[in-house]
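The values are calculated or read from the model by the stated rules, or taken from the named source; none is laboratory data. Treat the numbers as computed from the prediction; the structure is a model and nothing was measured. As a convention, Cβ positions derive from the backbone with ideal geometry for all residues, glycine included, and neighbour counts pool all protein chains shown. Surface areas here come from the heavy atoms of the whole protein model, side chains and all, with no ligands, DNA or RNA. Shrake-Rupley method; radii C 1.70, N 1.55, O 1.52, S 1.80 Å.
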Amino acid sequence: AIDLIAKSASGGMRDALSLADVCISYCGNKVTQENAKNVLGISDRSFVSAFADAIIASDIALALEKCHQLEKDGRDIGVFALELMEYMRDIMLALFSPQSAEIACLPKDIQEKLLVQAKQANSERILRSIEILSALESEIKIHNKPYIQLETAVARICSPQLEQDISALLDRISVLEE
């Protein structure tokens with residue numbers, strides 16, 4: 001729970017204390033990891049990993065189904081978009097620098113999953129997804145239906161043929177080369 005609070009605070013001590021107070025107010029003196037996830041709106045890592053699998057496979061239907069599940073569960077879409085962006089970054093690190101310290105400090109099962117996903121993904125898809133999710137983070141804040149913004153971003157990532165920018169074209173070429 002402490003690790004989740006620290007990560008959610010992005011290094012800010014006051015933010016971490018505020019988040020810890022919120023968790024304690026909802027959960028009492030014993031805050032578990034699961035309780036902290038629920039209070040902070042953080043998704044289960046396996047859910048984020050499965051979402052990334054859908055993106056890598058260009059499975060728009062599955063990705064949109066997962067978007068719907070997030071909405072149905074009342075998850076914070078902004079928090080999830082950030083989690084997904086960070087997860088895609090982890091795949092990028094596994095792809096380009098599998099021996100990096102950041103990958104090495106992760107549990108073995110997560111390292112193995114990231115390495116498998118890195119082998120399945122093309123580098124252009126991973127880089128485009130990080131760029132699109134990064135832009136999504138600020139867009140979500142100004143819309144009253146953020147899940148629609150997430151659905152649109154996912155459709156854009158999985159369907160590079162719908163876009164004309166250079167990164168989408170490179171993604172399409174990469175898929176064709178495979």
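Can you give the angle from 0 to 90° between the axis of helix 13-27 and the longest principal axis of the chain, with both taken from C-alpha atoms, to the nearest 10?
70 degrees
Checking the a/c ratio against 1.5 first, then a/b against b/c, what shape does the Cα gyration tensor give for segment 90-152?
Details: a/c = 2.74, a/b = 2.23, b/c = 1.23.
Taking the square roots of the gyration eigenvalues as a ≥ b ≥ c, segment 90-152 is prolate.
Give me the number: length gained by fully extending Glu102 to Ser167, i.e. 0.36 nm times residue separation minus the C-alpha to C-alpha distance, one decimal in nm.
Values: separation 65, 0.36 × 65 = 23.40 nm, distance 2.61 nm.
Taking Glu102 through Ser167 to full extension adds about 20.8 nm, to one decimal.
How about segment 75-171: which GluC sites (Glu not before Pro) there lie in a loop by DSSP and see at most 12 other Cβ atoms within 10 Å?
Details: sites: Glu83, Glu86, Glu102, Glu112, Glu124, Glu131, Glu137, Glu139, Glu151, Glu163; in loops: Glu163.
Within segment 75-171, no GluC sites (Glu not before Pro) qualify (loop, at most 12 other Cβ atoms within 10 Å).
Longest segment of the chain with no trypsin sites (Lys or Arg not before Pro) in a DSSP loop having at most 16 other Cβ atoms within 10 Å? Write down the numbers at each step before the final one.
Values: sites that count: Lys30, Lys141.
Longest site-free region, per DSSP loop and neighbour criteria: 31-140.
With a/c under 1.5 counting as rounded, go ahead and sort segment 45-118 into rounded, prolate or oblate using the C-alpha gyration tensor (a ≥ b ≥ c being the square roots of the eigenvalues; past the cut-off, prolate if a/b is larger than b/c, else oblate). Spell out each step's value before the answer.
Working: a/c = 2.47, a/b = 1.81, b/c = 1.37.
Prolate is the answer for segment 45-118, as a/c is 1.5 or above and a/b outweighs b/c.
At 222 nm, what helix-only mean residue ellipticity would the chain give, in deg cm²/dmol to the nearest 500, using -39500 (n - 2.57) for each DSSP H run of four or more? Mind showing how you got there, number by number?
Working: 11 runs with 135 residues, N = 178.
Per the formula, -23500 deg cm²/dmol.
For every other residue with a beta carbon closer than 14 angstrom to the beta carbon of Lys113, add +1 if it is Lys or Arg and -1 if Asp or Glu, then tell me the sum. Working shown, then result.
Working: positive: Arg45, Lys108, Lys119; negative: Asp44, Asp53, Asp90, Asp109, Glu112.
My count for the surroundings of Lys113 gives -2.
Over the chain, what is the mean sequence separation of C-alpha contacts under 8 Å (at least six apart), divided by residue count, expressed as relative contact order in percent? Please list the in-between numbers first.
Numbers: 181 pairs, mean separation 37.0, N = 178.
Value for the chain: 21 percent.
So, R0 is 30 Å and r is the distance between the beta-carbons of Asp59 and Thr32; what FRET efficiency does that work out to, to 0.05?
Numbers: r = 33 Å, r/R0 = 1.09.
According to the calculation, E is roughly 0.40.
In this model, which of Lys30/Lys72; Lys7/Lys113; Lys30/Lys145; Lys113/Lys141; Lys119/Lys145 are farther than 25 Å apart at the alpha-carbon?
Details: Lys30/Lys72 27 Å; Lys7/Lys113 21 Å; Lys30/Lys145 34 Å; Lys113/Lys141 31 Å; Lys119/Lys145 34 Å.
Long pairs (Cα-Cα over 25 Å): Lys30/Lys72; Lys30/Lys145; Lys113/Lys141; Lys119/Lys145.
Mind checking which aspartates and glutamates have their C-alpha under 19 Å from Lys108, skipping anything on the same chain fewer than 8 residues away?
Answer for Lys108, where 19 Å is the Cα cut-off: Asp3, Asp44, Asp53, Glu86, Asp90, listed by chain and number.
Return the long-range amide H neighbours of Asp76 (sequence gap of 5 or more, or a different chain), with a cut-off of under 5 Å between placed amide H atoms.
Those lying under 5 Å, H to H, from Asp76: there are none.
Run the accessible area of the chain with a 1.4 Å probe and give the carbon-and-sulfur part as a rounded percent. Don't skip to the answer; put the middle values down first.
Values: 5530 of 10080 Å².
About 55 percent, which is the carbon plus sulfur part of the accessible surface.
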